[in-house]
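Quick notes on the structure that follows.
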Amino acid sequence: MDRLLDGYRKFRAEAFPGRKDHFRLLASSQAPEVLFITCADSRVVPDLILQSEPGDLFLCRNAGNVIPPGGEMAGGVSATIEYAVEVLKVKHVIVCGHSDCGAVKAALDPTRGLESLPLTEQWLHFIKSAWDYMPPDVPDDPNERHTALIHANVIAQLNHLKSHPEIAKGLERGTLQVHGWYYDILTGDLEAYDQTQKRFIPLEQYAAALPAIR
Ligand SMILES: [Zn+2]
């Protein structure tokens, strides 16, 4: 807690004064272009990785960067998506998974007991469809297997995302794009899922081939 208080003092003394004008603009409205959905994992810090500022990212975080399919659950994720698309008119929705994701490991390893965590177990049920997106040659190596599952989960959640009516509408109109990302904690690398090549490629390469938004 002391560290947080020290951080707050530093923010008030250094970070805030330097951004005063920016905060004045943000005080009464926001217009983020991106809805960023990622895991609750403490090691994933979007504003650090992307060097984004307050007002840039509309954030939604939960264990396993899960997106329940459209219409299945009137929960926080679905409401956040609806608000971001219908009210904030975001242009991009990014689903970002990450290396060493405990939620994916727990959801996909039946030997890992979730008996004492009924709510977690129920939530992680939404990760099960990741199996449908595993490569045909599932790696034997446990680490590679885990990474393949995390990749597959990003694709699964991306497909859940597309089942939300407001997302489907935006995609059809060309006013919205959805993206699946993978963040590597060890290397700091970001990869994105290329839907044509059906594989993850470096983010810069992916971004260079992106069509413009209407
Ligand atoms: Zn995670």
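All of the numbers you see were taken from the coordinates with simple rules; none came from a lab. Since we're looking at a predicted model, the values are computed, not measured. Glycine also receives a Cβ, built like all others from the backbone with ideal geometry; neighbour counts cover every protein chain displayed.
Show that you can apply the helix-only estimate: for the chain, add -39,500 (n - 2.57) for every DSSP H stretch of four or more residues, divide by all residues, and state [θ] at 222 nm to the nearest 500.
-10500 deg cm²/dmol
Identify the GluC sites (Glu not before Pro) of segment 75-130 meeting these criteria: DSSP loop state and at most 12 other C-beta atoms within 10 Å of the C-beta.
Details: sites: Glu82, Glu86, Glu115, Glu121; in loops: Glu115.
Of the GluC sites (Glu not before Pro), the ones in loops of segment 75-130 whose Cβ has at most 12 other Cβ atoms within 10 Å are Glu115.
So how far, in whole Å, is the C-alpha centre of segment 67-91 from the one of segment 18-65?
Using only Cα atoms, the two centres lie 17 Å from each other.
Hey, what's the Cα Rg ratio for segment 112-214 versus the globular rule of thumb, 2.2 N^0.38 Å? It would help to have the intermediate numbers written out before the result.
Values: Rg = 15.7 Å, N = 103, 2.2 N^0.38 = 12.8 Å.
Output field value: 1.23.
Students often get this wrong, so check it: of Lys89/Lys198; Lys105/Lys162; Lys20/Lys91; Lys10/Lys105; Lys20/Lys169; Lys128/Lys169, which have C-alpha atoms separated by over 32 Å? The partial results should precede the final answer.
On the way: Lys89/Lys198 28 Å; Lys105/Lys162 24 Å; Lys20/Lys91 27 Å; Lys10/Lys105 37 Å; Lys20/Lys169 38 Å; Lys128/Lys169 26 Å.
Violating the 32 Å limit, Cα to Cα: Lys10/Lys105; Lys20/Lys169.
When only Cα pairs under 8 Å and 6 or more residues apart are kept, what is the percent relative contact order across segment 31-207? Can you show the working numbers first?
Numbers: 290 pairs, mean separation 43.1, N = 177.
It rounds to 24 percent for segment 31-207.
Once the Cα gyration tensor of segment 41-125 is diagonalised, what are the square roots of 5 times its eigenvalues, in whole Å and ordered largest first, as equivalent ellipsoid semi-axes? Walk me through the numbers before you get to the answer.
Values: eigenvalues 137, 65, 16 Å².
Value: 26, 18, 9 Å, ordered largest first.
Within 10 Å of each residue's Cβ, count the other Cβ atoms and sort Ile49, Ile81, Ile37, Ile201 from fewest upward.
Working: Ile49 16, Ile81 23, Ile37 26, Ile201 13.
Listing Ile49, Ile81, Ile37, Ile201 from fewest to most nearby Cβ atoms yields Ile201, Ile49, Ile81, Ile37.
Taking the Cα-to-Cβ direction at Asp189 and at Asp132 and moving 7 Å from each Cα, how far apart do the two end points lie in nm?
2.9
Computed over the Cα atoms, what is the radius of gyration of segment 43-86 divided by 2.2 N^0.38 Å, N being its residue count? Show your work: numbers first, answer last.
Details: Rg = 12.2 Å, N = 44, 2.2 N^0.38 = 9.3 Å.
Ratio of Rg to 2.2 N^0.38 Å for segment 43-86: 1.32.
Hey, could you grab the Kirkwood Rh for segment 31-207? Inverse mean 1/r over distinct alpha carbon pairs, Å, one decimal.
Numbers: mean 1/r = 0.0607 Å⁻¹.
Over segment 31-207, the inverse of the mean reciprocal pair distance is 16.5 Å.
Anything in the chain that counts as a DSSP H helix reaching 27 Å or more along its axis (C-alpha) with Kyte-Doolittle mean of at least -1.0? List them, would you?
On the way: long enough: 142-162 (30 Å, -0.37).
Span-like helices here: 142-162.
Taking the mean number of other Cβ atoms within 10 Å as a proxy for protection, how do you rank 178-191, 59-72 from highest to lowest?
Descending mean neighbour count gives 59-72, 178-191.
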